[in-house]
Amino acid sequence: MKGVDLGVRVGSVTFPNPIMTAAGTAGHGAELAAYVDLAELGAVVVKSLSAEPWSGNPAPRLHGATGGGMVNSVGLQNPGVEAWLEDDLPALRTAGARVVAGIWGRSIEDYAKAAEMLSSAGSEVVAVEVNLSCPNLGGEHEMFSARPSSAAEATAAALACGRPVWAKLSPAVADLPAVARAVLAAGAEAVTLVNTMPAMVIDVEARRPVLGAGGGGLSGPPLHPVAVRAVWDCRLALGDVAIVGSGGVGTAAEAVELLMAGAAAVQIGTAALRDPRATGRVLRDLRRWCSRRQVARVAELTGAAHG
């Protein structure tokens, strides 16, 4: 089959294909441009930004976990929105990338301020992903997505960006569909499922945690079945809502699995840290997968496992 239609729609935004980078694994700018044509990807989702620069957590920050996964405790280090707009966004614009900018904060006011600062970005920023679910920050508001009310409040604050908002949620909550329902009601056009799972690695000789901040977030292959279940449950509970699947995707078949569970698009993270060409490879393999199975439109796969 020639000419497989890979186009997808997430909320009000259309993309040429469903393959995107995942926040935190592709840098803040065009770091992957030497390995993949960023204009060919559905979108480049950049590392979450705060209104002011943030130094992140103490080292060490990364650990290769068993089962091919990774535990990270970077702590959302970033240059701040103002510096990102000046120093990093221009390279993405030059590369022809469609950009999804991530934001985070420790308070509702932080989310609103970061969103307002992003409102001046160019049209290449097609959406804003609101990180409500980082598991490696301490403090009272470790995860806004822990409760539907706080998740909705932060999402509503992020609408100040003046463009479509996606809410990135954690699977480590009591009722994920309820949180997803709340952020959609608050104005999000889509939910990104899922962020990393809370995790920890202990050095048994030193008798203390390996990572500088203690705990971190588990990503990579061990997270994949969790992500599939999260997407499935939200699709089942909420119907045909816009979902971006993320978690342990390293092959076209794993991307298709998330699509069939109910996702409209798929983000690739840890696999791209191991091989910066991973997003381009999965995109090419997805086209072949569809062609060999006579799938004319990749959008037909969204929710297909639900019958």
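Annotations for the structure displayed:
- Single condition residue 226 does not satisfy, out of (1) in contact with a Ser or Thr (Cβ under 9 Å, 6 or more places away or on another chain); (2) under 15 Å from residue 270 (Cβ atoms); (3) not acidic (Asp, Glu): (1)
- Per-region count, region 189-200, residues crowded, with 20+ Cβ neighbours inside 10 Å and in contact (Cβ under 8 Å) with a residue 60 or more places away in the chain: 8
- Applying the set (1) of a type in the set (Val, Ile, Thr); (2) farther than 23 Å from residue 198 by Cβ; (3) assigned to a helix (DSSP H, G or I); (4) in contact with a Gly (Cβ under 9 Å, 6 or more places away or on another chain) to residue 241 leaves exactly one unmet item: (3).
- The number of residues in region 69-93 that are in contact (Cβ under 8 Å) with a residue 40 or more places away in the chain, surrounded by fewer than 20 Cβ atoms within 10 Å (Cβ to Cβ) and in contact with a helix residue (DSSP H, G or I) (Cβ under 9 Å, 6 or more places away or on another chain) comes to 2.
- Selection count where residues are among the β-branched types (Val, Ile, Thr), within 17 Å of residue 275 (Cα to Cα) and part of a loop (DSSP other than H, G, I, E, B), scope region 1-45: 2
- Members of region 52-65 that are farther than 21 Å from residue 114 by Cβ and either without any contact (Cβ under 8 Å) to a residue 12 or more places away in the chain or touching a strand residue (DSSP E or B) at 6+ places or on another chain (Cβ under 8 Å) (or both): 60, 61, 62, 63, 64, 65
- Test result for residue 160, among the hydrophobic types (A, V, I, L, M, F, W, C), surrounded by fewer than 24 Cβ atoms within 10 Å (Cβ to Cβ), out of contact with any Cys (no Cβ under 7 Å at 6 or more places or on another chain) and modelled with pLDDT under 95: no
- Residue in region 270-287 that is closer than 16 Å to residue 168 by Cβ, small (Gly, Ala, Ser) and out of contact with any Lys or Arg (no Cβ under 8 Å at 6 or more places or on another chain) present: no
- Residue that is farthest from residue 146 (Cα to Cα) [pool: residues in region 201-217 that are surrounded by 15 or more Cβ atoms within 10 Å (Cβ to Cβ) and in contact (Cβ under 8 Å) with a residue 60 or more places away in the chain]: 210
- Meets criteria (part of a strand (DSSP E or B) and among the hydroxyl-bearing types (Ser, Thr, Tyr)) for residue 155: no
- Exactly one residue out of 279, 270 is crowded, with 24+ Cβ neighbours inside 10 Å, hydroxyl-bearing (Ser, Thr, Tyr) and either in contact with a Gly (Cβ under 7 Å, 6 or more places away or on another chain) or modelled with pLDDT under 95 (or both), and it is 270.
- Residue count for region 202-256 under the criterion of being more than 15 Å from the chain's Cα centre (by Cα) and either closer than 19 Å to residue 131 by Cβ or not hydroxyl-bearing (Ser, Thr, Tyr) (or both): the result is 33.
- Residues (farther than 26 Å from residue 47 by Cβ and part of a strand (DSSP E or B)) located in region 256-307: 297
The values are calculated or read from the model by the stated rules, or taken from the named source; none is laboratory data. This one's a predicted model, so the numbers in the text were calculated from it and none came from an experiment. Neighbour counts run over all protein chains shown; Cβ positions are idealised from the backbone, glycine included.
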